[in-house]
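These notes are about the structure you will find just below.
What follows is calculated from the coordinates using simple rules that are stated; it is not laboratory data. Note that this is a predicted model, so its numbers are computed, not measured. Because the Cβ atoms are built from the backbone with ideal geometry, glycine has one as well, and the counts that use them run over all protein chains shown.
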Amino acid sequence: MPLIDAISAAALAKIDDYNQQNIANTAWAFAKLVVTHEPLLASISAAAITRNLEFIPQGLANLAWALAKLVVLDAPLMPALSSAAMPNIDEYVPQNLSNTSWAFATLGVLHQPLMTAISAASRAKLALLAPRDMSNIAWAFAKLQVPDRPLLDSIAVEAIPKMTDFDPQGLTNMAWSCATLGIRNEQWLDAISSAVLARIAVLCAQDLSNTAWAFATLGIHNAQVFGSVVAEVAKEELDFTSQNLSNILWAFSTLGIMNDELLFSMADPLSNTLGSFDAWHLTNIVWSCANLRFRNTKIFDEAAEQGIAEIDKLSHIDCSITAWAFATIGLLNRPLLDAIS
């Protein structure tokens with residue numbers, strides 16, 4: 001990318017002359033193009049801190065968003081961004097609030113005073129929040145494990161009449177947020193499930209997985225939702241990852257939903273992807289299959305082989321669950337038992 005390389009070189013040479021808007025715009029542009037230029041980003045960070053982050057709200061939000069988009073965790077810059085944002089948080093428009101919370105959550109940086117300020121500002125501007133803003137803010141608080149019930153309840157009240165305006169990811173992100181924070185708002189979840197059912201044909205594999213996981217985590221057996229998940233899996237049109245498959249099977253097992261069509265449809269995808277499962281998801285799969293009395297010897301044989309390969313990564317709980325699963329299903333695999341022993 002000759003042009004990008006030339007821009008990077010020119011920016012590095014002139015970064016000391018950049019004002020706040022130049023800095024924020026440059027970071028935003030590289031993030032939008034998904035171009036990670038580490039020397040330039042380091043210089044942008046240093047320049048921003050040198051200028052005491054005296055940016056307009058959009059500049060601060062764009063800078064935070066750019067770092068998160070490029071997955072650049074700049075230790076000195078993130079707390080500086082928090083401190084700079086809080087005094088002017090009331091001036092943030094909804095998208096700034098959404099982008100800032102999303103950025104900190106994506107990078108896994110919890111600054112409680114900032115989240116408290118974002119919560120208050122979001123509730124004050126609730127009627128102005130677009131559907132994506134609402135789902136992003138809810139997701140961010142859940143990702144950072146901030147159980148702000150007043151904020152989530154306020155978002156629910158605003159979101160319920162607007163469910164048809166949410167895209168599939170926004171719907172499933174809200175369900176995932178409720179489950180992650182243990183918030184069982186029946187009216188909100190009913191509205192989410194209705195909207196998901198109306199869009200079920202356009203949900204991606206991740207959306208289906210998150211929806212099933214969320215409802216199971218909250219202990220909600222919505223027959224229509226889970227029936228639709230089965231129908232979509234049975235079509236064999238979506239590209240499910242090992243995590244997607246694990247979460248869906250776990251959801252059905254957790255709720256005790258015995259569905260032969262689902263198990264039959266998942267048999268080959270599970271068998272084909274077991275080699276990519278990490279220790280936790282591998283344990284999850286054998287537990288779910290055993291709990292549903294799904295005695296597929298091919299899956300269990302391949303799980304045993306993968307389990308032996310991953311044995312050093314299995315915790316004592318994983319080992320116990322794996323042994324229980326094989327015993328429950330009535331399959332004796334001596335190499336696996338020897339490895340567990």
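FRET efficiency for the ASP17 to ARG149 pair, using the beta carbon distance and R₀ = 45 Å, is estimated at 0.40. Among VAL93, VAL34, VAL109, the residue with the largest mean-square fluctuation in a Gaussian network model of the chain, with springs joining Cα atoms closer than 10 Å, is VAL34.
Largest mean-square fluctuation among ASN291, ASN96, ASN88, in a Gaussian network model of the chain whose springs join Cα atoms under 10 Å apart, belongs to ASN88. Ordering of 330-339, 248-257, 55-64 by packing is 55-64, 248-257, 330-339, highest average first (other Cβ atoms within 10 Å, averaged per residue). Remark: relative contact order (the range 234-341) = 28 percent; criterion is Cα-Cα distance under 8 angstrom and separation of 6 or more residues. Expressed as a fraction of 2.2 N^0.38 Å, the C-alpha radius of gyration for the chain is 1.16. Seen against the Cα atoms of the chain and their longest principal axis, helix 20-32 is set at about 30 degrees. On C-alpha positions alone, give me the angle between the axis of helix 242-254 and the longest principal axis of the chain, in degrees, nearest 10. For helix 242-254, the angle is close to 60 degrees.
Mean residue ellipticity, 222 nm, helices only, the chain: the sum of -39500 (n - 2.57) across DSSP H runs of n ≥ 4, divided by residue count and rounded to 500, is -22000 deg cm²/dmol. Once the convex hull of all Cα atoms in the range 234-341 is built, its volume per residue stands at 85 Å³.
With the biggest extent put first, the Cα atoms of the range 61-117 measure 27, 19, 14 Å across the principal axes.
Here is the size of the range 124-263 from its Cα atoms: Rg then Dmax, 14.5, 49 Å.
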